[in-house]
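Participant: One structure is given below, represented as structure tokens, and several questions about it will come after.
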Amino acid sequence: MGVLVQLETPFRQRSKPARQNAIMQRFAEMRRGSDDVFWLKETAEVLNVFETSGLQVTEQDLLVYKDLYDDIEARITFFPQYYRFFLSLALDLEDLGLGEGKAERIAHWVAQEGLVDAELSDLQRAEGRRLCRRRGVEPISSPGLDDRLRAFTERSETFALPNKKAAYELTHILFYLSEYGRRDPGVGDKTIRSLRHAGTLAFLELNIDLLSEICIALRFAGETAPVVWESWLLEQLNRFSVTAADGPVGHDDYHPWLMLNWFMEVSDQGGFGLEMPEGTVRFEAPQPAAGPLRELSHSLFKMGSARSNDWSSMRSGVGEAMSEDALGFLNAAEQAVDFKSFFHGFARVGGPAGVGLMGGAS
């Protein structure tokens, strides 16, 4: 009796347009229901990456979003708290080739309702403003907004310390000020130093998602990322797993996968080259074998008062306390940037114990 061999059906997405169509279809219909806010987030991010990368799609590709576009005014009216998602979706769908006119009406409505003025942070105001301006609508009168955003990016000390929230805000400020690489963001050397500090931390943390965004932001600022970072990201792309899922995906690594492919597209290294399995898909990032940033921080903290911000005097002692794998990443990080400048802030020398108090008891 012969052996029964089960053959896997090929994905048959031999061309890049076919793979792009498959990505849109999987995110639109196969991962979450359209009444889920995470569906809104994922869909808005996918379409934003496609639009800002200049990827060519057909109207037939976009038909998977036709129901959303047809109903988008009713949705944003009932869920104005998600106006940035809905306006972004309307804009990108129209600019990619599906429908026309709705995004401009929505932008005027957003301005009329004062939704951008209601934002708590400058970053959210900048995003809302950027979206409305895509249809020529000025939604806010906020003198000094760009100056405040640039001032945040120029304080390099902020980004020499582990703070993912600040690092992601840094990248998004560059996205908005540069109109996703379409204009000069008007930043200088201090901001570039901030990006390189944040990138050094992301590299030492082996953070695919954040490092991809930082490499994109550097390009939008007219710079390129260190070859060491880009080479490592390419290795991670080749190790990413995209598989068929039996049921709901929950939270997976779709965002690192999307940011990584976006960076490859922006840097002309061929993003979105992987064929999509049929049905629901799950994205799984490669698991790091080392924790270089944690080991480096732990080694420094243990030194206590012996800690110095002079990297040349600290290098040997720090290295002795790190594993071989982590030390390899530290060596690579040193080659990529001005590590002495980065370490000066990362070492965290001094502190409030050495600060005198003004005045005294009455």
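Participant: Please go through the range 164-261 and write out the trypsin sites (Lys or Arg not before Pro) that DSSP classes as loop and that have at most 12 other C-beta atoms within 10 Å.
Facilitator: Listed in order of number, the matching sites are ARG182, ARG183.
Participant: Something else now. Just tell me which aspartates and glutamates come within less than 17 Å, Cα to Cα, of LYS16; anything on the same chain fewer than 8 places away is out.
Facilitator: Partners found: GLU51, GLU59, ASP61, GLU265, ASP268, GLU275, GLU278.
Participant: What is the extension gain from ALA118 to LYS41, computed as 0.36 nm multiplied by their sequence separation minus the C-alpha to C-alpha distance, in nm to one decimal?
Facilitator: Length gained, ALA118 through LYS41: 25.7 nm.
Participant: Debye calculation, C-alpha points only, no solvent: report log10 I(q)/I(0) for the range 292-348 at q = 0.13 Å⁻¹, in the same order as the q values.
Facilitator: -0.27
Participant: Can you tell me which aspartates and glutamates have their Cα less than 16 Å from the Cα of LYS164? Leave out same-chain residues fewer than eight positions away.
Facilitator: Of all the aspartates and glutamates, those that pass the test against LYS164 - Cα under 16 Å, at least 8 places apart if same chain - are GLU205, ASP209, GLU213.
Participant: In which sequence would HIS251, HIS298, HIS197, HIS172 go, from the one with the fewest C-beta neighbours within 10 Å to the one with the most?
Facilitator: Sorted ascending by nearby Cβ count, the order is HIS251, HIS298, HIS172, HIS197.
Participant: Now a separate question. Mind checking the range 88-151 for GluC sites (Glu not before Pro) that DSSP puts in a loop (not H, G, I, E or B) and that have at most 14 other Cβ atoms within 10 Å?
Facilitator: Counting only loop positions with at most 14 other Cβ atoms within 10 Å, the GluC sites (Glu not before Pro) in the range 88-151 are GLU100.
Participant: Considering the convex hull of the alpha carbon atoms of the range 12-142, report its projected area averaged over all viewing directions, in nm², one decimal.
Facilitator: The orientation-averaged projected area of the Cα hull of the range 12-142 comes to 7.9 nm².
Participant: Can I ask one more? Apply the Karplus parameterisation 6.51 cos²θ - 1.76 cosθ + 1.60, with θ equal to phi minus 60°, to every residue of the range 35-42 and state each ³J(HN,Hα) to the nearest whole Hz, in sequence, with x for glycine and proline.
Facilitator: 8, 9, 4, 5, 5, 4, 4, 4
Participant: If you don't mind, another one. Among residues other than PRO80 whose Cβ falls under 14 Å from its Cβ, what is the net charge (Lys/Arg +1, Asp/Glu -1)?
Facilitator: Every neighbour counted, the sum reads -2.
Participant: A further question on this structure: Would you mind ranking THR280, THR52 so that the residue whose beta carbon has the fewest other beta carbons within 10 Å leads the list?
Facilitator: Lowest to highest Cβ neighbour count: THR280, THR52.
Participant: Also, I was wondering about something else. Under 14 Å from the Cα of LYS340, which aspartates and glutamates turn up, not counting those fewer than eight places away in the same chain?
Facilitator: GLU157, ASP310
Participant: Per residue of the range 60-68, what does 6.51 cos²θ - 1.76 cosθ + 1.60 with θ = phi - 60° give for ³J(HN,Hα)? Whole Hz please, x for Gly and Pro, Karplus curve as stated.
Facilitator: Running phi through 6.51 cos²θ - 1.76 cosθ + 1.60 with θ = phi - 60° gives 5, 4, 7, 4, 5, 9, 4, 4, 4 Hz.
Participant: Under the definition of Cα pairs under 8 Å and six or more residues apart, what whole-number percent is the relative contact order of the chain?
Facilitator: RCO, the chain: 15 percent.
Participant: Cut-off is 10 Å between beta-carbons; in what order do TRP311, TRP262 appear when sorted fewest neighbours first?
Facilitator: Listing TRP311, TRP262 from fewest to most nearby Cβ atoms yields TRP311, TRP262.
Participant: Please state, to two decimals, what the Cα-based radius of gyration of the range 123-171 comes to when divided by 2.2 N^0.38 Å (N = residues).
Facilitator: 1.34
Participant: Expressed as a fraction of 2.2 N^0.38 Å, the rule-of-thumb size for a compact globular protein of N residues, what is the C-alpha radius of gyration of the range 174-296?
Facilitator: Working it through for the range 174-296, the quotient is 1.13.
Participant: Add -39500 (n - 2.57) for each DSSP H run of 4 or more in the chain, then divide by its residues: what number comes out at 222 nm, to the nearest 500 deg cm²/dmol?
Facilitator: Estimated from H runs of four or more residues: -17500 deg cm²/dmol.
Participant: Over all alpha-carbon pairs in the range 227-362, figure out the percentage whose distance exceeds 22 Å.
Facilitator: Tail of P(r) above 22 Å: 57 percent of Cα pairs.
Participant: I've got another one for you. Read through the labelled values (i) -0.37, -0.85, -1.22; (ii) -0.27, -0.70, -1.20; (iii) -0.35, -0.77, -1.19 and report the label of the one computed as log10 I(q)/I(0) by the Debye sum over Cα atoms at q = 0.07, 0.11, 0.14 Å⁻¹ from the structure.
Facilitator: (i)
Each value in this text was obtained by applying a stated rule to the coordinates, not by laboratory testing. These numbers were taken from a predicted model, which means no experiment stands behind them. As a convention, Cβ positions derive from the backbone with ideal geometry for all residues, glycine included, and neighbour counts pool all protein chains shown.
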